Every structure is written in C-alpha cells, then in structure tokens.
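Comments concern the structure below.
None of the figures in this text is laboratory data; all of them are computed from the coordinates on show. Here the structure is a predicted model, which is why all the values come from computation and not from measurement. Cβ coordinates were reconstructed from backbone atoms using ideal geometry, including for glycine residues, and neighbour counts include every protein chain displayed.
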Amino acid sequence: MATDSQVKLDPKIPSGPIEQRWDKHQFEMKLVNPANKRKFTIIVVGTGLGGAAAAASLAELGYNVKSFCYQDSPRRAHSIAAQGGINAAKNYPNDGDSIYRLFYDTVKGGDFRARESNVYRLAQVSVNIIDQCVAQGVPFAREYGGLLDNRSFGGAQVSRTFYARGQTGQQLLLGAYQALSRQIGLGNVEMHSRTEMLDLIVVDGIARGIVTRDMITGKVESYLADAVVLATGGYGNVFYLSTNAKGCNVTASWRAYKRGAFFANPCYTQIHPTCIPVSGDHQSKLTLMSESLRNDGRIWVPKKAGDQRSPDQIPESEREYYLEEKYPSFGNLVPRDVASRNAKLVCDAGRGVGQGGFGVYLDFSDSIKRLGKNVIQERYGNLFDMYQRITAENPYEVPMRIYPAIHYTMGGLWVDYNLMSTIPGLFVLGEANFSDHGANRLGASALMQGLADGYFVLPYTIGNYLAQAKLPKVEVGQAAVREAEVEVTDRNKRLLGINGKRTVDSFHREVGKLLWDKCGMARNDKGLKEALKLIPEIRAEFWKNVRVLGANEEVNQALEKAGRVADFLELAELLCLDALKRTESCGGHFREESQTPDGEALRDDDNFAHAAAWEYAGPKNQPIRNQEPLVFEYVHPSQRSYK
Amino acid sequence: MNLTLRVWRQKNAKDRGRIVEYKVHDVSPDMSFLEMLDVTNEQLIEKGEEPIAFDHDCREGICGMCGLVINGIPHGPESATTTCQLHMRNFSNGDTITIEPWRARAFPIIRDLIVDRTAFDRIIRVDGKAGGFVSISTGGVPDANAIPIPKDDADLAMDAAACVGCGACVAACPNASAMLFVAAKVGHLGLLPQGQTERHNRVLRMVSQMDKEGFGGCTNMGECAAACPKEISLDFIARMNCDMIKASFVKG
Amino acid sequence: MTGVLTLYRSSIGKKAAMAITGLLMVLFVFVHMIGNLKVYYGPGGTPEPMLDVYGRFLREMGYPILGHEQGLWIARLLLLGAVGLHVWSAIQLTERRWTGRDVKYVQQKTLQASWASRTMLRGGVIIGLFIIGHLLHLTLGYFVPNFKDGAVYLNVVSGLKGIAPWLYIFAMLPLGLHIYHGLWSFFQTLGWNSQRSTELLRGLALLVALLVVVGNVSVVLTAMMTTLPS
C-alpha cells in the first residue's frame, strides 16, 4: 500500500497481561477532584444505550452534562429496537463461559479485525452491566426459581445471552433513559430533545462544543463544553433501506470527520440474514426479525431456478436446505455474514422466492410437527404476528420469506483505548466508534458494547482526559465558533435555495441502491470503481437539482433529511473507497476476488491485519488512509470455519 | 389504490389549523400507512406544496414516536398495532381517510400531525427524587442474581414495561387522561423488589406531576387499553390506584 | 388525616371519593328499593299498611338511644354529605376533562367503552334532578293530592298517578346505567379489580343495577295501577 500514509495512530493500549490491562489503567488514570467535577461541562450527543448511560453516569459523578437528541424524547433512540438480547460472561448456566471465552468468541467472530485489548475489557465489564440493569429494574426473563434466564444466541456454544422477551433493547434503553431522567430531574443534565447536532466546534485542535439546529424553531446555536461525546449510532441508512430508524444518520460523525477525526473501516457493514424482504419501490425501511428464528426454522430454496410453484407444491426432493448441506455442523445457525452471503448466492442464481426473487424460505413446518404449534407460538409468537401484520401471510401455515438487510455498521470514528478520537476532547461511544466488533459483530453484542462504553468505560477515561487537559476559556463569539455556526447556516440556506426538481428521498434511494448493488453483501474491484465514479455524479446532481420547500425557521423535515442525505452522499464514496482498498475479504466485507476455493471469505492477514483510519484531506483531495496495526497476542488468527 | 385524505394541517403552535383534503394515487396495499404518507408527500413536493409533517422513527413499532388518529382511532383500525405497522391493505380503493394528531391540552401541536409529548418525560423524571426510575447510580450494585424475583412478577412487570410511551392512551381517552401511561411505569417498578424502596414516593410524585401537566381524570372507560399498541392492561390502573391510596396514608 | 387530604388533592383521590360516596349511595338505593317492595302488602294490615310501618321504623330508627327522627336525620345528613362530595368531585373531574382536550377531534370513534360509562355525567345530572323532584314529591308532598305525613302508602298510591309514574320509570334507566358502571368502577378505582375478577365484578354490578331497576319499576307500576276506594 504505497499510497497509504503511515501516520502513527496511538491506540494507547496499556501494557501487561491482557487480564490486568483495564484494572491497571483504571489505577493509573488521573482523577478529577470531586469538587472540581461540576466545573467541567460535557456534551453528550445521542441518547441511545451509550449516550444515555454516559450522560447519566457522568452527571452522577458530578459533571455538568448537556444531552442532545433529535427525537422528541431520549427514550426513542434506536437502541430500543434491538430484540434478541445482551451477552455477558456471567456463566450462570455453568456451561463453561468465562470472560476469556467471551473475549475469544468476539475476536474470532469479528474475523480478527478488532482490537484485542478493547474486546477483553468489553468482556470484563459485561458482567457489571447485567448487575447494573437488574438494579435499575430491567425486567429480564427469569426462571421459575426467580433467577435470571439465559439463552444461546447467534450460534454461540454457550448460553450467555440475557433477554427481556423480544424487547431487550427497549428494556435496557428504558433503564438508561430512567437513569438519565433522574439526573435531568435533579438538574444535573440539561436535556435538549428535537435538537440536531450539525457541526463540531474545534478550537486550537481540541473539541470544544457543537453547533445545533432546534428542529422546532430552526434556531442555529452553539453549545460549548470541555469535552464532547458522540454516541450517535451507525450509518446503515446510507443504504437507504436498512433496519435502522428513519432518522438514523451519519451527520454528527461525518462533521467530526471533516473536522479532523479519523473514520475507521467504513466498509465493515453488517448484513442481518433474517429480515422481511422488500415488497416494492415504496419501501421505506426494512424490518428485522430476531435471528433466534433460525434456532427452529429451516432455510431452503427450490432447487430449480425460477420455480414459481407455491412452497407446499414443492416436494422435499426438489428443495435445497443450502445451509444445512453446506455447513453440516452449524447448519442454519452459521454466523450472520455467512448466512447472508449464502442467501445472496442462491438468489443471484435465480432461485430466490417471492416477488422479485429476493427471498429465501424460513420454514417452521418441521418444528411445528416436532414441538407442536403451541411451543412455537410461545417462542416466536410476537415475531410471527409481526410478520403477518407486514406481509399478510400466516407463517404457521406458509414458510416465512426472509432476505438479508443492512443492520449494523462495525466501522465508525477511530478511537483509542480511552474511546477518544483523533481530535483531543472528542470521545465516541457505541456503534458510532469502530473498536470492538472488528469486521463482523456477534449477535447480542451491540447492546453490550453501548452500555459498557457508557456506564463503565467513558466515565473513567474522560476524567483522565479532563484532569490533564489544558483548556483555555472559549466563548460563543469566538471566531472558530462563529465560523462553524455560519457554515451550518449557509449550508441550510443553500439547500433551501436550490429549488430543483427532485425530492430528497429520490436521491437517497438512488445512492442507496447503488451502494447495495456495488458495495453490499459482496464487493468487487469493478463494481466499486463504478460506484466511485457514479457517487460524485449523484452528489453533484443533488446539489443542483434537489427540491427542499419551506423555510429554516420552522419544523422542516425535508430540510433535516436533505442535510443528512448530503452527508450520506459523501460517506458513500468513502465507504466504497475503503472497500476498494481492502482487497481481502473479512467478516461483513466480502471481496469476490478474495475467497477460498469453496467460496468462503479469505482474509489476507499479511497485508490487512490493520484498521484503516481515513483522514479528511479537504474537499478536493482524496482522503488519506492511515493504519493502526492490529496485534493478536492472545487469539491467533485462523480461518473461520463453520463446516 | 386511490385515496382521499383529510389531513389536519397546522403551521405551528399558534396557527388555528384546519382539515385539508388531498387526493393520493398509486397506493399499494403492501405499503405501510406511513409509506402511504411518504408517497403523498412526494406527490405534494412535486406540486410545490409543503409536505405533511408527522413524527416517526423506527417504523417497526417499538420507538413510540409515530402516532396518528386515523378515522377517529389512535394508530388506526388494527388492534395492537402502531401507525407505522398498519398496512394499507386495511383500506380499500376510493376510501376517504381522516388523519389527525393526538389531541390533548398536555400534548400541544407543534406542526401538522406532530405533537409535543414532553409531558411524559416530565412525569418520569419529576424532580429526580423518586419518579419513574430506581434511584441508584452506576456501580456498586449487588450481583444480578442476588435477589430472586418470582417469574410471575417479573413477567407481569415486563407486561407493563412494554409501554412505548406513544401517548395513544391519552389520545383515545375521552378525558385525555394519562393514567395508563403512568400506571404502566408505576406497575413495572412496583412489581419488582428493586422498586420497593421508593414505591410510595414514586406513585405520589408521578401522579401529582401527571395532574400538573393538565391531563384529564380517569373514568374507567377502558378506551386507553383498547387503543394501546402494546396491549397494556387496565389492571395496572387499578394497581396504581391501590398504591396511591396506600401511599397517601403512609406518607400523609 | 393528612393522608386523606393528600389523596383528595390528586385526581385519583377525587375518584376514590366518588367511589366511596357512590358505594354508600348504591347501598342506600338498594335498601330503599327493598323498602319500596312493601307496597305489595297493599293498603290492608294491622293497624296500618306495611309501608307505613316501615316508614315509622325509619323515623324511630335507633330508639331509644336516639330520639324521634334523630336516627333518620343522621342518615339523611350522611347521605347529603355523600351526595355533596360525589357531586363536588364530579364537578372537579369534569372540569379536568373539559380542559384536558381543548381542541376536539374532527372524528372520534369509540373503541369499546360501554354506553353506561360514556353517559355517567349526563346520567348523574338526570339522577340529581330526579332526587330533588322525588323529595319534593313524596317527602314534602308537592303534587300529591291529600298528602298526609306518615300515611306513606296512601301518599305513594295517590302521588303516582298521571305523568308522575312515567317520570319515575324514565329516571330508572340512567340510575341503572349509573350503578352498573359506578359499582364496577368502585372496585377498579380502589384497586380491587383485575383481569381475573373483572367479569365477576361486572356481573355483580349488573345484578345490583337490574335488581334496583326492576324492583323500583315494578313498585311504580303497582302503585300506578292501584286504585284507592274513595
């Protein structure tokens, strides 16, 4: 990689044996005197698991916290939609789990592209998370003896997943929201809902605040602080159709990137195998169903391409249970990336089912025969109801149709071990950062990471930063602040002034489809180069021909959307560029040029055992690809095999 | 399908607001209700008219952000379904559909179909001293399995905790009462050992805040539970009443 | 004591007040209905009609601890207090209701609420007016030809002629509905209702409401059709 610059990215990993690193680091970190904490103001953007947990915990410690979210209430952040559960190395079921095993599984599941020390810490604090949530009153599922129930999830060999029906994310988020509400009530957190962050204020190279737009009045305002925390989620909506909430966006991260924070591994996007297929052009989002469905459902397609018969007309001998046949030991429970990719392969071969041929069957008839309808209803009743509501088909009688969809993004702003980005004073949590899941995230690990970062990591590391940082006073009138405000205002004016012919959504759909085709479940050199040529054209067309009606000084959802899509149009290019440069396959990033003879993802550890952290180099220049080498001292890279 | 929409349009909180009629064409029965509104908005923008503002986010029935009164029913005709999961196959070609925002004094209209539901947040947080939370800080908590909780209690608590805070209960109640919302949180925490310490203060403060916000009183009509997309039972209101009476005498 | 005030200050407390006063009145109405059934004994009897005996019993209630009509007045004051608190709470809750939704829906559908639950206010007002009329009529003797204190049977039979019995019968409809929703509400408001018991409690409320209505209507019809020898 001759073109890649070798700027040194210091991940600040503590030395010593991995089990002791976090403890040692906690001791070595500087503390802020309790009386001084209230003199520090911290901005937390986003109120999902990471943001709400961080804002609440920081306020409890005594910091002055300002919290921001674009929704009407902090309780609505998209963490709420996670269904399956949260992992923790509690080993309550006595089935051999341990911190080390969770660590090992996560590094391996991430296809050896995560930072070992972060992952180990994640596994360590996972046990505290469950304690914390139970104490908050999160109603986790219990056994008849009154103790917590665990289940095995996403193909894990141990039962380490805690859950609250199919609404684990909701319950964990409400726990964090309640903790945050308490701090708002006490006056320790100033809450700004319906307020969107539109830029980061960097003064003398240090993050010192944000510029926001009030989504009711349109007022553009600056908020200043001693540190800024971004917990703004992932960028899956760049694909237009994803399982993310409609409002999820990359704007906060993207503006930080343009102000100097490095964006790492944008091409690591996770595709979830069990989503409800697209039903038409009007589709605005995709609905995910918990992958626990794969525990009892069998995935198949007709053997013959273009077979239009209804599923009950297709005899056993003419069906192909492709996962069971190809991966006898894991069967339908192979990891997400493998399940997704195989669905794509059969559909590309013309054997997909349903409208448009983008779907495979997930069939419960055998399980219903074996266990009875009642058992299936008990396990998946709410999912079956949801499926029926959306598709008008009864999955007890006809097999479900599923297809993969963009679900999570492992890439994000680069952070060091302290969760600080390359801009001092800018911390990034949860899905918005890149650190813990490598190239593929395991099921039930997203909730774990968000809460780990928010409750148990950031409150320590931010103190260490504040205790040592030299922070001169900043004021709203200062040039750097004014400049950021003016940029935001001008940009909105520009969007409102184009008055072209096309709606914002039409551009979003266009770029989303392009990305899905060229940089979705499988990528290749030719496709990526095409995308890299087309994206700037779409972007240019957008700035020439988009139509945003109304004014800035009112509720203007089209304007909000336009700003977000404008950023997606830039991110899309970086995503493809990253995918193009990473010529290996790993986890969710499957490069067709790099596969084993039997079609599995083939890593190239010699050239790509690193995180690629992209540095913005101005509007005219290609961004710079920096590398953080990943060292595997404990879990030695091996070819993942689920055969 | 072709439809006639009668939509509440209101520029801002001060504007009086009115019903405006729109014709929408090319609606597919597979669309969700909000996708139908997306299509309407695209058609409006093409005509140079400002799109209809409505709240929505996850579009999978869990965030609680969406909420429209459709033909006089909060979240529309299908039971246990949020607006975002309602599909157009519930309607027929040529139908006229009336779409209004939640109406309650405690939920002032911001624009068109968007209302301000921060009253709910204030009921949860109250003044930070006992409210819709357990007053514990991060760290220093006992092991998760230190306190066994009977499965039935945990399950019932989960039934209450399923509330998404959408406000359909208020919208459906002829009195615009928020009892079901408040009762769900009081019930959820009141059923768990973790919530016992603050049980009395919680219900006193949350109910007092609820009254302050200007919601109506409960007359046990049960419209709230019937409209609730998460099917939260009226039992929780009875449970809260009981708690409230006890708490009043214990705390005076 | 402060507990009562704390409770009453809240909307739930006002509901509880309505529940408790309401129950008191339902009990009264039920006993009143049973007393009314004495009409069936007719004008005969020794030395006076059964209904008059019953009337005298009410006046002498508590004798000899209490003096003449003292027991009756205690009961009347209690009932008056209950009515007063019931009405006052209703006014306060109604005000909350009217201000709770300042702009009405253009279109609103009822999902499942019973007619009884939706007509509590209107029904309550009708019942209130009926009580006033009833007191003026058969207690104070307005519009009763030859009204005579203590001659309850004669007063009832001669009073329930012409339009009067029809007004009485008409008033029983809102009373029945009010009791049906009110009695079930009593349990819900005081927190003694749950999914397991709700059917039972609704059944109980229906039974009480029916007994009151059927009992009273039959008494009115009987009185109406009875002709007194002149």
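In table form, for the structure just shown:
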{"item": "Cα gyration tensor, the stretch A:1-74 - rounded (a/c under 1.5), prolate or oblate", "result": "oblate"}
{"item": "Sequence-distant residues sharing a close amide H with A:D363 (under 5 Å, placed H)", "result": "A:R298, A:I299, A:W300"}
{"item": "Simple label model, 7 Å out from Cα along Cβ direction - A:Q308 to C:T226, nm", "result": "8.5 nm"}
{"item": "Computed over chain A: relative contact order in percent, which uses C-alpha pairs under 8 Å that are six or more apart", "result": "21 percent"}
{"item": "Alpha-carbon spread of chain C, three principal axes, descending order, Å", "result": "61, 44, 35"}
{"item": "Computed label-point distance, nm, for sites B:V250 and A:E483 using a 7 Å Cα→Cβ extension", "result": "6.0 nm"}
{"item": "Length-normalised contact order for the stretch B:154-223 - Cα pairs under 8 Å, 6+ apart - percent", "result": "41 percent"}
{"item": "For chain B, average projected area of the Cα convex hull in nm²", "result": "15.5 nm²"}
{"item": "Pairwise centroid distance, computed over Cα atoms, of the stretch A:209-223 with the stretch B:164-227, Å", "result": "33 Å"}
{"item": "Placed amide H near A:A611: partners under 5 Å, 5+ positions off or other chain", "result": "A:E628, A:L630"}
{"item": "The stretch B:47-63 - phi-based ³J(HN,Hα) in whole Hz, Karplus 6.51/-1.76/1.60, Gly and Pro as x", "result": "7, x, 9, 5, x, 6, 8, 8, 7, 5, 8, 5, 6, 9, x, 10, 7"}
{"item": "A:V476-A:A349 FRET efficiency (beta carbon distance; Förster radius 41 Å; 0.05 resolution)", "result": "0.10"}
{"item": "For a label point 7 Å along the Cα-to-beta-carbon line of A:D23, residues of the stretch A:122-136 with backbone N under 17 Å", "result": "A:122-128"}
{"item": "Pair-distance profile P(r), taking every C-alpha pair of the stretch B:3-111, with 5 angstrom steps and integer %", "result": "2, 12, 22, 27, 21, 12, 4, 0"}
{"item": "At R0 = 51 Å, FRET efficiency that the Cβ-Cβ distance of A:A392 and C:F28 yields, to 0.05", "result": "0.35"}
{"item": "Packing-based ranking, highest mean first, of A:111-122, A:596-607, C:199-210, B:120-131 given that Cβ atoms within 10 Å are counted", "result": "A:111-122, B:120-131, C:199-210, A:596-607"}
{"item": "Over the stretch A:372-427, relative contact order from alpha-carbon pairs under 8 Å, at least 6 apart, %", "result": "16 percent"}
{"item": "Amide H contacts of B:I110 (H built 1.01 Å from N, under 5 Å, at least 5 apart or other chain)", "result": "B:V115, B:D116"}
{"item": "Separation of alpha-carbon centers, the stretch B:51-84 and the stretch A:75-114, rounded to whole Å", "result": "33 Å"}
{"item": "Cross-link partners of B:K151 among aspartates and glutamates (Cα-Cα below 15 Å; sequence separation of 8 or more within a chain)", "result": "A:E143, A:D149, B:D159"}
{"item": "For the stretch C:112-186 and the stretch C:190-230, distance of Cα centres in Å", "result": "13 Å"}
{"item": "Angle in degrees between helix A:18-28 and the longest Cα principal axis of chain A, rounded to the nearest 10", "result": "20 degrees"}
{"item": "Along principal axes, Cα extents of the stretch A:479-608, largest first, whole Å", "result": "58, 36, 23"}
{"item": "Max mean-square fluctuation residue, GNM over chain B, Cα-Cα springs under 10 Å, options B:T81, B:T138, B:T118", "result": "B:T138"}
{"item": "On Cα atoms only, tilt of C:11-36 relative to the major axis of chain C in degrees", "result": "20 degrees"}
{"item": "Under the Debye formula (equal points on every Cα, no solvent term), log10 I(q)/I(0) of the stretch A:272-406 at q = 0.14, 0.20 Å⁻¹", "result": "-0.58, -1.28"}
{"item": "Cα-only radius of gyration and Dmax that characterise the stretch B:117-251, units Å", "result": "14.6, 46"}
{"item": "Rounded to 10°, Cα long-axis angle of helix A:525-545 versus longest principal axis of chain A", "result": "50 degrees"}
{"item": "Computed FRET value (nearest 0.05) for C:S114 with B:T96, which takes r as the C-beta separation and R₀ as 25 Å", "result": "0.30"}
{"item": "Residues C:L211, A:L574, A:L451 arranged by fewest to most Cβ contacts within 10 Å", "result": "C:L211, A:L574, A:L451"}
{"item": "Semi-axis lengths, Å, the stretch C:18-113, gyration tensor of Cα atoms, sqrt of 5 times eigenvalues", "result": "42, 19, 8"}
{"item": "HN-Hα J in Hz across the stretch B:236-250 - Karplus 6.51, -1.76, 1.60, θ = phi - 60°, x for Gly and Pro", "result": "5, 5, 4, 4, 5, 4, 4, 4, 5, 5, 4, 4, 4, 6, 5"}
{"item": "From phi via Karplus (6.51, -1.76, 1.60), per-residue ³J(HN,Hα) for the stretch A:505-512 in Hz, x at Gly/Pro", "result": "4, 5, 5, 4, 4, 5, 5, x"}
{"item": "Cβ neighbours within 10 Å from other chains - mean over A:179-190", "result": "6"}
{"item": "Listed pairs A:K90/B:K251; A:K369/A:K643; A:K246/B:K230; A:K246/B:K47; A:K8/A:K108 exceeding 32 Å between Cα atoms", "result": "A:K90/B:K251"}
{"item": "Percent of alpha-carbon pairs separated by more than 49 Å within the protein assembly as shown", "result": "32 percent"}
{"item": "√(5λ) per eigenvalue of the Cα gyration tensor, chain A, largest first, Å", "result": "37, 29, 25"}
{"item": "Percent of beta bridges antiparallel (DSSP, the protein assembly as shown, rounded to nearest 5)", "result": "70 percent"}
{"item": "Label-point separation in nm, A:E318 to A:D385, each point 7 Å along Cα→Cβ", "result": "3.7 nm"}
